[in-house]
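Chemist: Could you have a look at this structure, given as C-alpha coordinates, before my questions?
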Amino acid sequence: MQSADQIKEITRRRTFAIISHPDAGKTTLTEKLLLYGGAIRQAGAVRAKTNQKHTTSDWMEIEKQRGISISTSALQFEYKGFRINLLDTPGHKDFSEDTYRTLTAADAAVMLIDAAKGVEPQTRKLFEVCRMRGLPIFTFINKLDRNGRDPLDLLDELEKVLGIRSCPMSWPIGMGADFRGVYDRQSNQVLLFQKSGEANAKTKLESIRVSGMDEPVFQEALELLELAGDPFDINRVLAGQLSPVFFGSAMNNFGVEHFLDRFIEIAPSPSARLSDKGKIEASSENFTGFIFKVQANMNPLHRDRVAFMRVCSGKFTRGMGVKHSRLKKEFKLNKPFHLFAQEREIIEEAFPGDIVGLIDTSGELRIGDTLSVGALVTYQGVPQFSPEFFANVICVDPLKRKQFQKGLDQLREEGVVQVYRQKYVGDQAPILGVVGVLQFEIFQYRLLSEYGVDVRIERLSYNLLRWVEGPEAEIEKIAMRSDNRRIEDRDGCAVFLFENEWALDWIIKNHPALKFSKIK
Ligand code: G4P
(Lines give C-alpha, C1' and ligand atoms only; values in the text may rest on other atoms or scores of the structure.)
Protein backbone atom coordinates (compact mmCIF):
# COMPACT_ATOMS: atom_id res chain seq x y z
CA MET A 1 0.00 0.00 0.00
CA GLN A 2 0.95 3.58 -0.47
CA SER A 3 1.88 6.01 2.23
CA ALA A 4 -0.82 8.16 3.79
CA ASP A 5 0.46 11.07 1.74
CA GLN A 6 -0.05 9.25 -1.49
CA ILE A 7 -3.53 8.16 -0.53
CA LYS A 8 -4.28 11.79 0.22
CA GLU A 9 -3.06 12.85 -3.22
CA ILE A 10 -5.26 10.28 -4.92
CA THR A 11 -8.31 11.16 -2.85
CA ARG A 12 -8.08 14.82 -3.76
CA ARG A 13 -7.82 14.25 -7.50
CA ARG A 14 -10.68 14.68 -9.93
CA THR A 15 -9.99 13.95 -13.59
CA PHE A 16 -12.77 14.73 -16.02
CA ALA A 17 -13.67 15.86 -19.51
CA ILE A 18 -16.47 18.06 -20.80
CA ILE A 19 -18.60 16.55 -23.55
CA SER A 20 -20.79 18.80 -25.64
CA HIS A 21 -21.88 19.81 -29.09
CA PRO A 22 -20.18 22.84 -30.66
CA ASP A 23 -21.49 26.15 -29.31
CA ALA A 24 -23.02 24.73 -26.15
CA GLY A 25 -20.47 26.82 -24.21
CA LYS A 26 -17.57 24.49 -23.46
CA THR A 27 -14.90 27.16 -23.92
CA THR A 28 -16.88 29.58 -21.80
CA LEU A 29 -17.45 27.04 -19.04
CA THR A 30 -13.77 26.04 -19.08
CA GLU A 31 -12.75 29.66 -18.70
CA LYS A 32 -15.10 30.10 -15.75
CA LEU A 33 -13.89 26.94 -14.09
CA LEU A 34 -10.38 28.28 -14.34
CA LEU A 35 -11.44 31.42 -12.57
CA TYR A 36 -12.31 29.40 -9.51
CA GLY A 37 -9.19 27.35 -9.48
CA GLY A 38 -6.13 29.42 -10.07
CA ALA A 39 -4.93 27.50 -13.11
CA ILE A 40 -1.59 26.18 -12.15
CA ARG A 41 -0.93 24.59 -15.44
CA GLN A 42 -2.64 25.53 -18.62
CA ALA A 43 -2.44 23.45 -21.62
CA GLY A 44 -3.97 25.35 -24.41
CA ALA A 45 -7.37 23.95 -23.79
CA VAL A 46 -8.97 27.30 -24.02
CA ARG A 47 -9.40 28.28 -27.58
CA ALA A 48 -8.21 31.62 -28.75
CA LYS A 49 -11.12 33.99 -28.75
CA THR A 50 -10.69 37.57 -29.85
CA ASN A 51 -7.12 37.25 -28.68
CA GLN A 52 -7.91 37.47 -24.97
CA LYS A 53 -6.51 34.09 -24.39
CA HIS A 54 -4.16 32.71 -26.91
CA THR A 55 -4.09 28.99 -26.87
CA THR A 56 -0.67 27.59 -26.27
CA SER A 57 -1.39 24.42 -28.17
CA ASP A 58 -1.42 26.32 -31.42
CA TRP A 59 1.77 24.60 -32.36
CA MET A 60 0.85 23.39 -35.74
CA GLU A 61 0.85 25.66 -38.71
CA ILE A 62 -2.53 24.38 -39.74
CA GLU A 63 -3.96 25.26 -36.38
CA LYS A 64 -2.63 28.75 -36.67
CA GLN A 65 -4.03 29.17 -40.14
CA ARG A 66 -7.46 28.18 -38.98
CA GLY A 67 -7.36 29.66 -35.52
CA ILE A 68 -8.56 26.48 -33.93
CA SER A 69 -7.06 24.05 -31.53
CA ILE A 70 -6.61 20.60 -32.93
CA SER A 71 -4.76 18.99 -30.11
CA THR A 72 -6.25 17.45 -27.07
CA SER A 73 -4.69 18.74 -23.94
CA ALA A 74 -5.24 18.94 -20.23
CA LEU A 75 -5.57 21.66 -17.67
CA GLN A 76 -4.64 21.20 -14.08
CA PHE A 77 -5.91 23.42 -11.30
CA GLU A 78 -6.45 23.54 -7.56
CA TYR A 79 -9.85 24.14 -6.09
CA LYS A 80 -10.64 24.03 -2.39
CA GLY A 81 -7.90 21.56 -1.73
CA PHE A 82 -8.74 19.40 -4.74
CA ARG A 83 -6.39 18.88 -7.66
CA ILE A 84 -8.46 18.95 -10.80
CA ASN A 85 -7.37 17.62 -14.17
CA LEU A 86 -9.65 18.86 -16.91
CA LEU A 87 -9.10 17.04 -20.16
CA ASP A 88 -9.91 18.98 -23.27
CA THR A 89 -11.99 17.20 -25.87
CA PRO A 90 -11.74 18.84 -29.29
CA GLY A 91 -15.23 19.44 -30.41
CA HIS A 92 -15.71 21.56 -33.48
CA LYS A 93 -14.56 20.68 -36.93
CA ASP A 94 -11.55 19.27 -35.14
CA PHE A 95 -13.68 16.48 -33.69
CA SER A 96 -11.61 13.36 -34.09
CA GLU A 97 -10.80 10.01 -32.59
CA ASP A 98 -8.68 11.89 -30.07
CA THR A 99 -11.89 13.23 -28.63
CA TYR A 100 -13.07 9.70 -27.93
CA ARG A 101 -9.70 8.50 -26.70
CA THR A 102 -9.47 11.31 -24.20
CA LEU A 103 -12.51 9.90 -22.48
CA THR A 104 -10.59 6.72 -21.72
CA ALA A 105 -8.29 8.83 -19.54
CA ALA A 106 -11.14 10.48 -17.61
CA ASP A 107 -12.85 9.35 -14.41
CA ALA A 108 -16.00 11.38 -15.01
CA ALA A 109 -17.62 13.46 -17.71
CA VAL A 110 -19.54 16.70 -17.63
CA MET A 111 -22.20 16.83 -20.29
CA LEU A 112 -22.85 20.40 -21.26
CA ILE A 113 -26.20 21.10 -22.86
CA ASP A 114 -27.60 24.25 -24.43
CA ALA A 115 -31.02 24.74 -22.81
CA ALA A 116 -32.52 25.81 -26.12
CA LYS A 117 -31.15 22.90 -28.10
CA GLY A 118 -31.19 19.91 -25.81
CA VAL A 119 -29.21 16.79 -26.67
CA GLU A 120 -27.35 17.34 -29.95
CA PRO A 121 -25.60 14.78 -32.17
CA GLN A 122 -22.01 15.23 -31.01
CA THR A 123 -23.04 15.06 -27.37
CA ARG A 124 -24.83 11.87 -28.13
CA LYS A 125 -21.79 10.22 -29.71
CA LEU A 126 -19.55 11.23 -26.85
CA PHE A 127 -22.15 10.13 -24.36
CA GLU A 128 -22.13 6.66 -25.90
CA VAL A 129 -18.40 6.38 -25.32
CA CYS A 130 -18.83 7.44 -21.67
CA ARG A 131 -21.63 4.95 -21.30
CA MET A 132 -19.50 2.16 -22.67
CA ARG A 133 -16.93 2.91 -20.00
CA GLY A 134 -19.52 3.29 -17.24
CA LEU A 135 -18.27 6.82 -16.51
CA PRO A 136 -20.26 8.93 -14.07
CA ILE A 137 -21.90 11.72 -16.08
CA PHE A 138 -22.78 15.13 -14.67
CA THR A 139 -25.07 17.39 -16.67
CA PHE A 140 -24.82 21.17 -16.82
CA ILE A 141 -27.71 22.81 -18.63
CA ASN A 142 -26.40 26.10 -19.92
CA LYS A 143 -27.67 29.43 -21.22
CA LEU A 144 -30.59 29.81 -18.84
CA ASP A 145 -30.34 33.56 -19.38
CA ARG A 146 -31.89 32.92 -22.76
CA ASN A 147 -35.23 31.43 -23.54
CA GLY A 148 -34.81 27.72 -23.76
CA ARG A 149 -36.84 24.57 -23.46
CA ASP A 150 -38.89 23.52 -20.50
CA PRO A 151 -36.53 21.93 -17.95
CA LEU A 152 -38.81 18.92 -17.47
CA ASP A 153 -38.73 18.42 -21.20
CA LEU A 154 -34.94 18.49 -21.21
CA LEU A 155 -34.73 15.87 -18.48
CA ASP A 156 -37.20 13.79 -20.39
CA GLU A 157 -34.94 14.03 -23.41
CA LEU A 158 -31.94 12.78 -21.43
CA GLU A 159 -33.99 9.73 -20.61
CA LYS A 160 -35.46 9.17 -24.06
CA VAL A 161 -32.49 9.97 -26.25
CA LEU A 162 -29.63 8.90 -24.04
CA GLY A 163 -31.34 6.42 -21.77
CA ILE A 164 -29.96 7.93 -18.58
CA ARG A 165 -32.03 8.88 -15.55
CA SER A 166 -31.45 12.27 -14.02
CA CYS A 167 -31.43 13.83 -10.61
CA PRO A 168 -31.73 17.63 -10.56
CA MET A 169 -29.36 19.10 -8.00
CA SER A 170 -30.80 22.53 -8.68
CA TRP A 171 -33.86 23.86 -10.42
CA PRO A 172 -34.20 27.01 -12.51
CA ILE A 173 -36.61 29.74 -11.51
CA GLY A 174 -37.79 31.33 -14.70
CA MET A 175 -35.78 31.54 -17.86
CA GLY A 176 -34.57 34.08 -20.41
CA ALA A 177 -35.56 37.62 -19.46
CA ASP A 178 -37.43 36.21 -16.44
CA PHE A 179 -34.56 34.13 -15.15
CA ARG A 180 -34.39 34.67 -11.40
CA GLY A 181 -31.85 32.09 -10.34
CA VAL A 182 -31.72 28.49 -9.24
CA TYR A 183 -33.01 26.70 -6.22
CA ASP A 184 -30.27 24.61 -4.65
CA ARG A 185 -31.72 21.40 -3.37
CA GLN A 186 -29.01 20.60 -0.90
CA SER A 187 -28.92 23.89 0.96
CA ASN A 188 -32.60 24.59 0.45
CA GLN A 189 -31.73 28.05 -0.75
CA VAL A 190 -32.17 30.11 -3.85
CA LEU A 191 -29.13 31.41 -5.65
CA LEU A 192 -30.21 34.68 -7.17
CA PHE A 193 -29.12 35.42 -10.70
CA GLN A 194 -27.31 38.64 -11.39
CA LYS A 195 -26.66 39.39 -14.96
CA SER A 196 -22.99 39.97 -15.20
CA GLY A 197 -21.74 42.93 -17.09
CA GLU A 198 -18.61 42.72 -19.23
CA ALA A 199 -16.48 43.44 -16.19
CA ASN A 200 -17.68 40.89 -13.71
CA ALA A 201 -18.25 38.13 -16.25
CA LYS A 202 -14.54 37.66 -15.96
CA THR A 203 -14.39 37.66 -12.21
CA LYS A 204 -15.60 35.38 -9.51
CA LEU A 205 -19.18 36.11 -8.78
CA GLU A 206 -20.59 35.53 -5.34
CA SER A 207 -24.06 34.09 -5.64
CA ILE A 208 -26.62 35.69 -3.40
CA ARG A 209 -28.46 33.12 -1.38
CA VAL A 210 -31.95 33.69 -0.10
CA SER A 211 -33.71 31.30 2.20
CA GLY A 212 -37.28 32.57 2.07
CA MET A 213 -39.22 30.57 -0.47
CA ASP A 214 -42.47 32.49 -0.09
CA GLU A 215 -42.67 34.01 -3.54
CA PRO A 216 -45.04 32.17 -5.86
CA VAL A 217 -42.38 31.68 -8.56
CA PHE A 218 -40.18 29.90 -6.05
CA GLN A 219 -43.07 27.72 -4.93
CA GLU A 220 -43.80 26.82 -8.51
CA ALA A 221 -40.18 25.76 -9.05
CA LEU A 222 -40.31 23.58 -5.96
CA GLU A 223 -43.46 21.87 -7.17
CA LEU A 224 -41.91 21.10 -10.53
CA LEU A 225 -38.80 19.81 -8.88
CA GLU A 226 -40.91 17.30 -6.98
CA LEU A 227 -41.96 15.84 -10.31
CA ALA A 228 -38.55 15.86 -11.90
CA GLY A 229 -36.08 13.03 -12.12
CA ASP A 230 -35.06 10.46 -9.54
CA PRO A 231 -33.85 10.81 -5.95
CA PHE A 232 -30.13 11.23 -5.48
CA ASP A 233 -28.30 7.94 -5.16
CA ILE A 234 -24.52 8.11 -5.08
CA ASN A 235 -24.08 4.49 -6.15
CA ARG A 236 -26.19 4.99 -9.24
CA VAL A 237 -24.28 8.18 -10.04
CA LEU A 238 -20.93 6.44 -9.75
CA ALA A 239 -22.18 3.56 -11.89
CA GLY A 240 -23.12 6.03 -14.64
CA GLN A 241 -26.83 5.27 -14.32
CA LEU A 242 -28.00 8.53 -12.82
CA SER A 243 -26.82 11.95 -13.89
CA PRO A 244 -26.83 14.83 -11.38
CA VAL A 245 -28.20 17.84 -13.27
CA PHE A 246 -27.27 21.48 -12.70
CA PHE A 247 -28.63 24.63 -14.31
CA GLY A 248 -26.80 27.85 -14.98
CA SER A 249 -25.31 30.33 -17.38
CA ALA A 250 -21.63 29.89 -18.04
CA MET A 251 -21.35 33.21 -19.80
CA ASN A 252 -22.71 35.04 -16.77
CA ASN A 253 -20.65 32.90 -14.49
CA PHE A 254 -23.82 31.77 -12.81
CA GLY A 255 -24.21 28.31 -11.32
CA VAL A 256 -20.61 27.40 -12.14
CA GLU A 257 -19.30 27.62 -8.62
CA HIS A 258 -22.31 25.76 -7.28
CA PHE A 259 -21.66 23.07 -9.84
CA LEU A 260 -17.96 22.82 -9.04
CA ASP A 261 -18.64 22.58 -5.30
CA ARG A 262 -21.01 19.67 -5.75
CA PHE A 263 -18.88 18.07 -8.41
CA ILE A 264 -15.80 17.75 -6.23
CA GLU A 265 -17.95 16.20 -3.51
CA ILE A 266 -19.66 13.65 -5.72
CA ALA A 267 -17.26 12.85 -8.57
CA PRO A 268 -14.97 9.90 -7.96
CA SER A 269 -11.26 10.09 -7.32
CA PRO A 270 -9.11 7.76 -9.44
CA SER A 271 -10.01 4.16 -8.73
CA ALA A 272 -9.12 0.65 -9.85
CA ARG A 273 -8.67 -0.06 -13.56
CA LEU A 274 -8.87 -3.37 -15.31
CA SER A 275 -5.66 -4.91 -16.67
CA ASP A 276 -4.73 -8.32 -18.04
CA LYS A 277 -3.64 -9.18 -14.49
CA GLY A 278 -6.96 -8.17 -12.96
CA LYS A 279 -7.97 -4.94 -11.28
CA ILE A 280 -5.21 -2.59 -10.22
CA GLU A 281 -6.11 -0.19 -7.44
CA ALA A 282 -5.02 3.42 -7.87
CA SER A 283 -3.56 3.11 -4.39
CA SER A 284 -1.44 0.07 -5.21
CA GLU A 285 2.23 0.62 -4.60
CA ASN A 286 3.56 0.12 -8.09
CA PHE A 287 3.34 2.78 -10.71
CA THR A 288 1.25 2.06 -13.83
CA GLY A 289 0.02 4.34 -16.59
CA PHE A 290 -1.18 4.13 -20.16
CA ILE A 291 -0.77 6.20 -23.28
CA PHE A 292 -4.01 7.65 -24.62
CA LYS A 293 -2.67 10.09 -27.14
CA VAL A 294 0.44 10.59 -29.24
CA GLN A 295 1.37 13.75 -31.03
CA ALA A 296 4.29 14.16 -33.37
CA ASN A 297 6.25 17.25 -34.24
CA MET A 298 4.67 19.41 -31.61
CA ASN A 299 7.60 21.66 -31.63
CA PRO A 300 8.66 22.40 -35.21
CA LEU A 301 12.17 23.15 -34.00
CA HIS A 302 12.62 19.75 -32.46
CA ARG A 303 10.42 17.54 -34.56
CA ASP A 304 9.69 15.40 -31.60
CA ARG A 305 6.87 13.13 -30.58
CA VAL A 306 5.00 13.45 -27.35
CA ALA A 307 3.02 10.66 -25.78
CA PHE A 308 0.37 11.60 -23.23
CA MET A 309 0.09 9.26 -20.34
CA ARG A 310 -2.57 8.96 -17.71
CA VAL A 311 -1.13 7.83 -14.39
CA CYS A 312 -3.30 4.98 -13.07
CA SER A 313 -1.58 3.73 -9.92
CA GLY A 314 1.40 4.31 -7.68
CA LYS A 315 3.55 7.36 -7.91
CA PHE A 316 5.31 8.64 -10.96
CA THR A 317 8.70 10.23 -10.50
CA ARG A 318 10.97 11.81 -13.03
CA GLY A 319 13.68 9.56 -14.40
CA MET A 320 12.07 6.38 -13.15
CA GLY A 321 12.64 3.12 -15.01
CA VAL A 322 9.46 1.46 -16.21
CA LYS A 323 8.55 -1.60 -18.21
CA HIS A 324 6.95 -1.22 -21.60
CA SER A 325 4.23 -3.83 -21.89
CA ARG A 326 4.12 -4.18 -25.65
CA LEU A 327 7.85 -4.10 -26.35
CA LYS A 328 8.63 -5.98 -23.14
CA LYS A 329 11.57 -3.78 -22.38
CA GLU A 330 12.81 -1.26 -19.86
CA PHE A 331 12.13 2.36 -20.55
CA LYS A 332 13.42 5.43 -18.76
CA LEU A 333 11.05 8.35 -18.27
CA ASN A 334 13.52 11.14 -18.37
CA LYS A 335 11.72 14.10 -19.70
CA PRO A 336 8.22 14.06 -18.36
CA PHE A 337 6.43 17.36 -18.50
CA HIS A 338 3.21 18.97 -17.73
CA LEU A 339 1.85 20.23 -20.90
CA PHE A 340 2.42 22.14 -23.19
CA ALA A 341 4.05 23.18 -26.41
CA GLN A 342 6.30 26.19 -25.98
CA GLU A 343 5.72 26.17 -22.28
CA ARG A 344 6.84 22.81 -21.12
CA GLU A 345 7.36 22.44 -17.48
CA ILE A 346 9.39 19.48 -16.38
CA ILE A 347 7.60 17.64 -13.62
CA GLU A 348 9.15 15.71 -10.78
CA GLU A 349 6.20 13.62 -9.69
CA ALA A 350 2.62 12.80 -10.54
CA PHE A 351 -0.18 10.79 -9.00
CA PRO A 352 -3.07 8.72 -10.30
CA GLY A 353 -5.42 10.86 -12.35
CA ASP A 354 -2.64 13.16 -13.59
CA ILE A 355 -1.66 13.50 -17.22
CA VAL A 356 2.03 13.48 -18.06
CA GLY A 357 3.56 14.34 -21.42
CA LEU A 358 6.50 12.13 -22.37
CA ILE A 359 8.98 13.05 -25.05
CA ASP A 360 9.44 10.02 -27.21
CA THR A 361 12.15 10.58 -29.76
CA SER A 362 12.51 6.91 -30.57
CA GLY A 363 8.85 6.51 -31.45
CA GLU A 364 8.36 3.59 -29.12
CA LEU A 365 5.23 4.77 -27.38
CA ARG A 366 1.90 4.10 -29.03
CA ILE A 367 -1.69 4.71 -28.11
CA GLY A 368 -2.80 1.97 -25.73
CA ASP A 369 0.69 1.10 -24.45
CA THR A 370 0.99 0.46 -20.73
CA LEU A 371 4.05 1.44 -18.70
CA SER A 372 4.58 -0.08 -15.27
CA VAL A 373 6.99 -0.69 -12.45
CA GLY A 374 7.25 -4.26 -11.16
CA ALA A 375 5.23 -6.82 -13.08
CA LEU A 376 4.47 -6.31 -16.76
CA VAL A 377 0.82 -5.37 -17.03
CA THR A 378 -1.37 -4.25 -19.87
CA TYR A 379 -4.46 -2.14 -19.43
CA GLN A 380 -7.46 -2.85 -21.54
CA GLY A 381 -6.68 -1.27 -24.87
CA VAL A 382 -7.97 2.04 -26.02
CA PRO A 383 -10.69 0.82 -28.36
CA GLN A 384 -10.71 1.60 -32.04
CA PHE A 385 -13.81 3.63 -32.74
CA SER A 386 -15.60 3.25 -35.97
CA PRO A 387 -14.81 6.13 -38.34
CA GLU A 388 -17.58 7.87 -40.24
CA PHE A 389 -15.76 9.38 -43.21
CA PHE A 390 -13.71 7.46 -45.72
CA ALA A 391 -11.41 8.25 -48.61
CA ASN A 392 -8.96 6.75 -51.04
CA VAL A 393 -5.48 8.17 -50.67
CA ILE A 394 -3.29 8.36 -53.73
CA CYS A 395 0.43 9.05 -53.68
CA VAL A 396 0.90 11.58 -56.48
CA ASP A 397 4.56 10.79 -57.15
CA PRO A 398 5.11 7.02 -57.47
CA LEU A 399 8.82 7.49 -56.70
CA LYS A 400 7.86 8.67 -53.22
CA ARG A 401 6.13 5.41 -52.41
CA LYS A 402 8.51 4.54 -49.59
CA GLN A 403 8.18 7.83 -47.75
CA PHE A 404 4.45 7.63 -48.33
CA GLN A 405 4.29 4.25 -46.61
CA LYS A 406 6.41 5.51 -43.74
CA GLY A 407 4.25 8.59 -43.20
CA LEU A 408 1.10 6.54 -43.49
CA ASP A 409 2.34 4.07 -40.87
CA GLN A 410 3.45 6.76 -38.47
CA LEU A 411 0.36 8.89 -38.73
CA ARG A 412 -1.75 5.79 -38.28
CA GLU A 413 0.16 4.83 -35.16
CA GLU A 414 -0.32 8.30 -33.87
CA GLY A 415 -4.02 7.84 -34.46
CA VAL A 416 -4.45 10.68 -36.96
CA VAL A 417 -6.27 8.34 -39.34
CA GLN A 418 -7.31 4.73 -39.49
CA VAL A 419 -5.91 2.84 -42.46
CA TYR A 420 -7.64 -0.07 -44.14
CA ARG A 421 -6.65 -2.44 -46.89
CA GLN A 422 -8.86 -3.51 -49.72
CA LYS A 423 -9.21 -7.23 -49.83
CA TYR A 424 -6.92 -8.77 -52.49
CA VAL A 425 -5.35 -5.37 -53.25
CA GLY A 426 -2.97 -5.22 -50.30
CA ASP A 427 -1.19 -2.01 -49.36
CA GLN A 428 -1.30 -0.48 -52.81
CA ALA A 429 -4.56 1.40 -52.47
CA PRO A 430 -5.20 2.15 -48.81
CA ILE A 431 -8.50 3.51 -47.56
CA LEU A 432 -8.48 6.10 -44.82
CA GLY A 433 -11.12 6.38 -42.15
CA VAL A 434 -11.66 9.30 -39.78
CA VAL A 435 -14.15 10.45 -37.19
CA GLY A 436 -14.00 14.13 -38.23
CA VAL A 437 -13.34 15.32 -41.79
CA LEU A 438 -10.68 17.81 -40.80
CA GLN A 439 -8.44 14.82 -40.12
CA PHE A 440 -8.12 14.25 -43.88
CA GLU A 441 -6.67 17.72 -44.31
CA ILE A 442 -4.36 17.31 -41.36
CA PHE A 443 -3.18 14.00 -42.75
CA GLN A 444 -2.55 15.48 -46.19
CA TYR A 445 -0.82 18.52 -44.76
CA ARG A 446 1.41 16.54 -42.47
CA LEU A 447 2.41 14.03 -45.14
CA LEU A 448 3.55 16.93 -47.27
CA SER A 449 5.23 19.01 -44.60
CA GLU A 450 6.84 16.22 -42.61
CA TYR A 451 7.47 13.50 -45.17
CA GLY A 452 7.60 15.53 -48.39
CA VAL A 453 4.86 13.44 -49.96
CA ASP A 454 2.04 14.93 -51.95
CA VAL A 455 -1.18 12.94 -51.81
CA ARG A 456 -4.61 13.21 -53.30
CA ILE A 457 -7.59 12.42 -51.12
CA GLU A 458 -10.72 11.16 -52.83
CA ARG A 459 -13.73 10.98 -50.57
CA LEU A 460 -15.88 7.86 -50.67
CA SER A 461 -19.61 7.90 -50.18
CA TYR A 462 -19.68 5.38 -47.33
CA ASN A 463 -20.35 6.59 -43.84
CA LEU A 464 -20.74 3.51 -41.70
CA LEU A 465 -18.09 1.00 -40.77
CA ARG A 466 -18.64 -2.25 -38.94
CA TRP A 467 -16.29 -5.01 -37.89
CA VAL A 468 -17.80 -8.34 -38.87
CA GLU A 469 -17.44 -11.75 -37.30
CA GLY A 470 -18.96 -15.00 -38.52
CA PRO A 471 -18.57 -17.78 -41.08
CA GLU A 472 -16.39 -16.75 -44.05
CA ALA A 473 -18.91 -18.12 -46.55
CA GLU A 474 -21.55 -15.80 -45.12
CA ILE A 475 -19.15 -12.86 -45.17
CA GLU A 476 -18.38 -13.58 -48.83
CA LYS A 477 -22.08 -13.52 -49.58
CA ILE A 478 -22.60 -10.01 -48.33
CA ALA A 479 -19.42 -8.86 -50.03
CA MET A 480 -21.12 -9.74 -53.34
CA ARG A 481 -23.72 -7.04 -52.83
CA SER A 482 -23.18 -3.66 -54.40
CA ASP A 483 -24.28 -1.55 -51.43
CA ASN A 484 -21.17 -2.16 -49.36
CA ARG A 485 -17.45 -2.62 -49.62
CA ARG A 486 -15.34 -5.26 -47.92
CA ILE A 487 -12.05 -4.12 -46.50
CA GLU A 488 -9.79 -5.24 -43.69
CA ASP A 489 -8.13 -3.48 -40.79
CA ARG A 490 -4.43 -3.60 -39.99
CA ASP A 491 -4.88 -6.87 -38.11
CA GLY A 492 -6.56 -8.45 -41.11
CA CYS A 493 -10.01 -8.44 -39.46
CA ALA A 494 -12.98 -8.25 -41.78
CA VAL A 495 -14.57 -4.82 -41.99
CA PHE A 496 -17.45 -3.58 -44.09
CA LEU A 497 -18.30 -0.10 -45.26
CA PHE A 498 -21.94 0.82 -45.82
CA GLU A 499 -23.52 3.86 -47.34
CA ASN A 500 -26.38 4.08 -44.91
CA GLU A 501 -28.15 2.51 -41.95
CA TRP A 502 -30.72 1.03 -44.24
CA ALA A 503 -28.18 -1.11 -46.10
CA LEU A 504 -26.66 -2.25 -42.84
CA ASP A 505 -30.01 -3.04 -41.23
CA TRP A 506 -31.04 -5.13 -44.19
CA ILE A 507 -27.90 -7.21 -43.92
CA ILE A 508 -28.19 -7.60 -40.16
CA LYS A 509 -31.73 -8.86 -40.61
CA ASN A 510 -30.91 -11.25 -43.42
CA HIS A 511 -27.62 -12.63 -42.12
CA PRO A 512 -28.22 -13.48 -38.48
CA ALA A 513 -25.07 -15.63 -38.35
CA LEU A 514 -22.93 -12.50 -38.62
CA LYS A 515 -22.07 -10.24 -35.74
CA PHE A 516 -21.47 -6.56 -36.50
CA SER A 517 -19.71 -4.21 -34.11
CA LYS A 518 -18.99 -0.48 -34.03
CA ILE A 519 -15.97 -0.71 -31.78
CA LYS A 520 -13.05 -3.06 -31.79
P1 G4P B 1 -18.11 25.88 -27.44
O2 G4P B 1 -16.73 25.99 -26.89
O3 G4P B 1 -18.93 24.80 -26.79
O4 G4P B 1 -18.22 25.84 -28.90
O5 G4P B 1 -18.90 27.19 -27.02
P6 G4P B 1 -18.40 28.63 -26.62
O7 G4P B 1 -17.97 28.64 -25.21
O8 G4P B 1 -17.51 29.19 -27.67
O9 G4P B 1 -19.81 29.36 -26.65
C10 G4P B 1 -20.59 29.45 -27.83
C11 G4P B 1 -21.42 30.70 -27.79
O12 G4P B 1 -22.35 30.61 -26.72
C13 G4P B 1 -20.58 31.94 -27.52
O14 G4P B 1 -21.18 33.01 -28.21
C15 G4P B 1 -20.77 32.16 -26.04
O16 G4P B 1 -20.58 33.49 -25.64
C17 G4P B 1 -22.20 31.71 -25.86
N18 G4P B 1 -22.51 31.32 -24.48
C19 G4P B 1 -21.82 30.50 -23.67
N20 G4P B 1 -22.43 30.39 -22.48
C21 G4P B 1 -23.54 31.16 -22.54
C22 G4P B 1 -24.58 31.48 -21.61
O23 G4P B 1 -24.60 31.04 -20.48
N24 G4P B 1 -25.55 32.30 -22.08
C25 G4P B 1 -25.56 32.83 -23.32
N26 G4P B 1 -26.56 33.63 -23.65
N27 G4P B 1 -24.60 32.56 -24.20
C28 G4P B 1 -23.60 31.74 -23.83
P29 G4P B 1 -20.58 33.58 -29.57
O30 G4P B 1 -21.44 34.71 -29.94
O31 G4P B 1 -20.42 32.45 -30.53
O32 G4P B 1 -19.14 34.00 -29.18
P33 G4P B 1 -18.66 35.28 -28.35
O34 G4P B 1 -18.59 36.33 -29.35
O35 G4P B 1 -19.69 35.52 -27.29
O36 G4P B 1 -17.35 34.87 -27.78
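The values are calculated or read from the model by the stated rules, or taken from the named source; none is laboratory data. Source: prediction; values computed, not measured. Quick reminder, even Gly has a Cβ in these numbers, built from the backbone with ideal geometry, and neighbours come from all protein chains shown. Accessible surface is based on the protein model in full, side chains and every heavy atom, while ligands, DNA and RNA are left aside. Shrake-Rupley method; radii C 1.70, N 1.55, O 1.52, S 1.80 Å.
Chemist: When the solvent-accessible surface of protein heavy atoms is calculated with a 1.4 angstrom probe, in what order do Tyr451, Tyr424, Tyr379 fall, highest first?
Modeler: Order by accessible area, largest first: Tyr424, Tyr451, Tyr379.
Chemist: Ordering Glu120, Glu472 from largest to smallest accessible area (1.4 angstrom probe), what's the sequence?
Modeler: Glu472, Glu120
Chemist: Something else: I need the calculated FRET efficiency for the pair Asp156 and Lys80, taking r as the beta carbon distance and R₀ as 41 Å, to the nearest 0.05.
Modeler: The pair Asp156/Lys80 has a calculated efficiency of 0.75.
Chemist: Compute the length gained on full extension between Glu469 and Gln403: take 0.36 nm times their separation in residues and subtract their Cα-Cα distance, giving the result in nm to one decimal.
Modeler: That works out to 20.4 nm of additional length.
Chemist: Placing unit charges on C-beta atoms (Lys and Arg positive, Asp and Glu negative, everything else neutral), compute the dipole magnitude of the range 132-193 about its Cα centre in debye, rounded to 20.
Modeler: 200 debye
Chemist: Would you please give the FRET efficiency between Glu120 and Ile519, computed as 1/(1 + (r/R0)^6) with r the Cβ-Cβ distance and R0 = 25 Å, to the nearest 0.05?
Modeler: The computed FRET efficiency comes out at 0.70.
Chemist: Right, next: What do you reckon, how do Glu414, Glu330 stack up by accessible area (1.4 Å probe), largest on top?
Modeler: Accessible-area ranking of Glu414, Glu330, largest first: Glu330, Glu414.
Chemist: Quick check on my link table: of Lys125/Lys332; Lys328/Lys423; Lys26/Lys279; Lys328/Lys520, which ones sit more than 28 Å apart, alpha carbon to alpha carbon?
Modeler: Violating the 28 Å Cα-Cα cut-off are Lys125/Lys332; Lys328/Lys423; Lys26/Lys279.
Chemist: Another question, if that's okay. Working from the pairwise distances between different alpha carbons, so that the mean of 1/r is found and then inverted, what is the range 417-483's Kirkwood radius in Å?
Modeler: 14.2 Å
Chemist: Using a Förster distance of 22 Å, how high is the FRET efficiency between Asn500 and Tyr445, based on the Cβ-Cβ distance and rounded to 0.05?
Modeler: Calculated transfer efficiency: 0.15.
Chemist: While we're here: Report the gain in length on full extension from Lys329 to Asn147: 0.36 nm times residue separation, minus Cα-Cα distance, nm rounded to one decimal.
Modeler: Full-extension gain reported as 59.7 nm.
Chemist: Using 0.36 nm per residue of separation minus the Cα-Cα distance, give me the extension gain between Glu348 and Lys509 in nm, one decimal.
Modeler: So the chain would gain 52.3 nm between Glu348 and Lys509.
Chemist: Per-residue counts of other Cβ atoms within 10 Å, averaged by peptide: what ranking do you get for 95-105, 252-262, 217-227, highest first?
Modeler: Ranked from most to least packed, the peptides come out as 95-105, 252-262, 217-227.
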